[in-house]
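Just so it is clear, none of the values below were taken in a lab; they were calculated from the coordinates. Small disclaimer: the values here were computed from a predicted structure and weren't measured. Here Cβ is always computed from backbone atoms with ideal geometry, including for glycine, and neighbour counts include all displayed protein chains.
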Amino acid sequence: MDRKYITDELKSFADKYNVGIDEQTLGEIVDLSSFRVVPKGRLLSSMGDDAKTVGMVLSGMARSYYVDMEGNDITRGFAPAGALCMDEGLFGFTERMCMWETLEETTVMLCEAVRIRELIRTSAGFKDLWISLLEGAMRYKIYRENGFLVENATERYLHFRRLYPELADRIPLKHIATYLGIAPESLSRIRSAMKEESKA
């Protein structure tokens with residue numbers, strides 16, 4: 001893939017998080033990486049796979065999910081363009097904790113976790129970016145816990161739409177439902193009730 005194009009894309013993602021990171025460091029990341037274009041509906045990795053490789057979605061969208069003891073598919077989260085995927089290795093895990101699949105045709109940049117961790121230690125700009133990502137992950141965790149503790153299903157759905165307006169219409173309802181901890185039929189009823197209220 002074109003090095004300058006990828007570097008510019010990474011720069012735009014860093015700007016999104018208000019983090020200044022020099023082009024030399026971004027170029028190093030590109031040089032250390034490989035790239036895959038994965039069709040919609042394909043597995044990127046499975047639970048138990050080696051976690052030494054970290055991914056970033058450059059275009060498209062990926063989903064992480066668990067399969068419980070009864071075989072139910074439960075969505076953990078979504079990774080649109082600019083988000084990390086298959087990131088367990090950055091947090092010290094040696095195996096994948098969940099399944100990762102593409103919801104759209106997705107271009108993924110792949111790099112070894114050990115090399116990313118080295119950049120975090122040696123590059124001030126990359127360290128700042130990592131801190132921003134960690135802060136975002138913590139906000140996400142608090143939001144998720146808060147939703148399950150104090151919000152009803154309708155409130156969780158409305159909160160999801162407010163936080164991720166660009167995702168809500170791109171993701172199949174069944175995945176949004178399991179992400180929110182409700183049955184797909186319940187989400188359909190919530191959406192229908194909201195449409196009726198908006199007409200009134």
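Tell me, which longest segment in the chain has none of the chymotrypsin sites (Phe, Trp or Tyr not before Pro) that fall in DSSP loops with at most 16 further Cβ atoms within 10 Å? Present the calculation step by step, with values, prior to reporting the outcome.
Values: sites that count: 17, 93.
It runs 94-200.
Rounded to whole numbers, the Karplus 3J(HN,Hα) couplings from phi for region 53-69 are 9, 10, x, 10, 7, 8, 7, x, 7, 10, 10, 9, 7, 10, 10, 7, 4 Hz, using 6.51 cos²θ - 1.76 cosθ + 1.60 with θ = phi - 60°, and x at Gly and Pro.
Sort 154, 53, 106 so the one with the fewest other Cβ atoms within 10 Å of its own Cβ comes first. Don't skip to the end; give the middle numbers.
On the way: 154 17, 53 21, 106 25.
So the residues, fewest neighbours to most, are 154, 53, 106.
Derived scalar couplings between HN and Hα for region 126-135 equal 6, 5, 4, 4, 4, 4, 4, 5, 5, 4 Hz in order, rounded to whole Hz, by the Karplus curve 6.51 cos²θ - 1.76 cosθ + 1.60 (θ = phi - 60°), x for Gly and Pro. If one takes the longest principal axis of the Cα atoms in the chain, at what angle in degrees, from 0 to 90 and to the nearest 10, does the Cα axis of helix 3-16 lie? For helix 3-16, the angle is close to 50 degrees.
For residue 38, the residues 5 or more places off, or on other chains, whose built amide H falls under 5 Å of its own are 106, 107, 108.
With the cut-off at under 15 Å, measuring from each backbone N in region 59-77 to a point 7 Å along the Cα-to-Cβ line of residue 32 picks out no residue. Just list whichever of 52/127; 11/195; 40/127; 4/40 have alpha carbons separated by over 30 Å in the model shown. From 52/127; 11/195; 40/127; 4/40, over 30 Å: 11/195; 40/127.
Along region 169-181 the Karplus relation, 6.51 cos²θ - 1.76 cosθ + 1.60 evaluated at θ = phi - 60°, assigns HN-Hα couplings of 9, 9, 9, x, 4, 4, 6, 4, 4, 5, 5, 7, x Hz to successive residues, with x for each Gly and Pro. Amide H contacts of residue 53: 113, each under 5 Å away and 5 or more positions distant or on a separate chain (H built 1.01 Å from N in the peptide plane; Pro and chain starts excluded).
Counting neighbouring beta carbons within 10 Å and listing from fewest to most, the residues 175, 159 come out as 159, 175. Taking amide H atoms as placed 1.01 Å from N in the peptide plane, the amide H of residue 44 lies under 5 Å from those of 100, 101, 102, each 5 or more residues away in sequence or on another chain. Compared with the dominant Cα axis of the chain, that is its longest principal axis, helix 153-163 is turned about 40°.
Centroid-to-centroid, using Cα positions, region 129-200 and region 45-111 are 19 Å apart.
Placing a label point 7 Å from the Cα of residue 121 along the Cα-to-Cβ direction, the residues of region 64-99 whose backbone N falls under 15 Å from that point are 90-92. Using R0 = 41 Å, the C-beta based FRET efficiency linking residue 174 and residue 112 works out to 0.75.
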